[in-house]
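Visitor: Okay, handing you the structure first.
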Amino acid sequence: MRVLTVYAHPNPKSFNHAILEQFTKGLTEAGHTPDIVDLYRIDFDPCVRIADLVQFSGGQMPAEVVEQQQKVTEAEGIVLIHPIWGWSFPAILKGWMDRVFSYGFAYEASERGVRGLLKDRKTLVISTAGGPEEFYESAGYMDAFIKTCDGIFDVCGISNVEYPCFYGVQAAGENGRTEYLQQAYRLGKEF
């Protein structure tokens, strides 16, 4: 299976990058073909510009968007790896979704509303969070985050989505982070 992993963390020495490495190792050992897009490394512009709106008039999307859409088209699975910042995605990742999951590519209008065009793609949203799970759960922050994600994916026709989150990364200590990395490897191996 070809798996597109979209990675969003600016520090190549971050724990998120270690998660990316272990997840990719698991994917590869399971016989999958990984395709990694490191949004900060490629300096992806997250801002929707007027050139991005041409899909409403049948025009050609910007080349960087078309390139990413081709990667999505070729992928049988989609994985997002990112920290939770401000109770959501990093802006660069949300911008990638805004620009790449565009009208005419990821969804279109139909007589009954909106019709998703990206069906049959297994999707994982792998997040890290600084605080403990109880904090995110009791305040409803994770529910809100997942509801936002589900809205984006539902419009695109993607329904097979899982949301593993590694909580309390800073306080987890070396043993806790090692367990998280083993879990990231298993997520790749069992994808």
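The values are calculated or read from the model by the stated rules, or taken from the named source; none is laboratory data. If you're wondering where the values come from, they're calculated on a predicted model, not measured in any experiment. So basically every Cβ, Gly included, is an ideal-geometry build from the backbone, and we count neighbours across all protein chains shown.
Visitor: Of all residues in the range 1-15, which are within 13 Å of Phe166 (Cβ to Cβ) and crowded, with 22+ Cβ neighbours inside 10 Å?
Guide: Once the filter is applied, which keeps residues that are within 13 Å of Phe166 (Cβ to Cβ) and crowded, with 22+ Cβ neighbours inside 10 Å, the range 1-15 yields only His9.
Visitor: Next up: Any residue at all in the range 94-106 that is small (Gly, Ala, Ser) and surrounded by fewer than 17 Cβ atoms within 10 Å (Cβ to Cβ)?
Guide: Yes: one or more hits.
Visitor: Would you check which residues across the range 149-185 are in contact (Cβ under 8 Å) with a residue 40 or more places away in the chain, surrounded by 14 or more Cβ atoms within 10 Å (Cβ to Cβ) and in a helix (DSSP H, G or I) and list them?
Guide: Ile152, Val155, Cys156, Arg177, Tyr180, Leu181, Ala184, Tyr185
Visitor: Within the range 70-87, is even one residue at pLDDT below 95 and more than 26 Å from Arg177 (Cβ to Cβ)?
Guide: no
Visitor: Name the residue, out of Phe44, Phe23, Phe56, that is surrounded by fewer than 13 Cβ atoms within 10 Å (Cβ to Cβ) and of a type in the set (A, V, I, L, M, F, W, C).
Guide: Answer to the selection: Phe56.
Visitor: May I pose another question? If you check Val65, Val48, Val37, which single one turns out to be in contact with a helix residue (DSSP H, G or I) (Cβ under 7 Å, 6 or more places away or on another chain) and closer than 15 Å to Ile126 by Cα?
Guide: Exactly one residue qualifies, and that residue is Val37.
Visitor: Only one of Asp143, Asp98 is over 26 Å from His32 (Cβ atoms) and modelled with pLDDT of 95 or more. Can you tell me which?
Guide: Asp98
Visitor: Restricting to the range 113-142, name every residue that is more than 23 Å from Ile19 (Cα to Cα), over 17 Å from the mean Cα position of the chain (by Cα) and not in a strand (DSSP E or B).
Guide: Answer for the range 113-142, where residues must be more than 23 Å from Ile19 (Cα to Cα), over 17 Å from the mean Cα position of the chain (by Cα) and not in a strand (DSSP E or B): Leu117, Ser138, Ala139, Gly140.
Visitor: Being touching a Ser or Thr at 6+ places or on another chain (Cβ under 8 Å), at pLDDT 95 or above and within 20 Å of Glu74 (Cα to Cα), is that true of even one residue in the range 173-189?
Guide: The answer is yes, given that some residue of the range 173-189 is touching a Ser or Thr at 6+ places or on another chain (Cβ under 8 Å), at pLDDT 95 or above and within 20 Å of Glu74 (Cα to Cα).
Visitor: So which helices (runs of 4 or more DSSP H) stay within the range 2-112 end to end and still have 1 or more residues that are free of Cβ contacts under 8 Å to residues at least 24 places away in the same chain?
Guide: Per the criteria, 15-29, 63-74.
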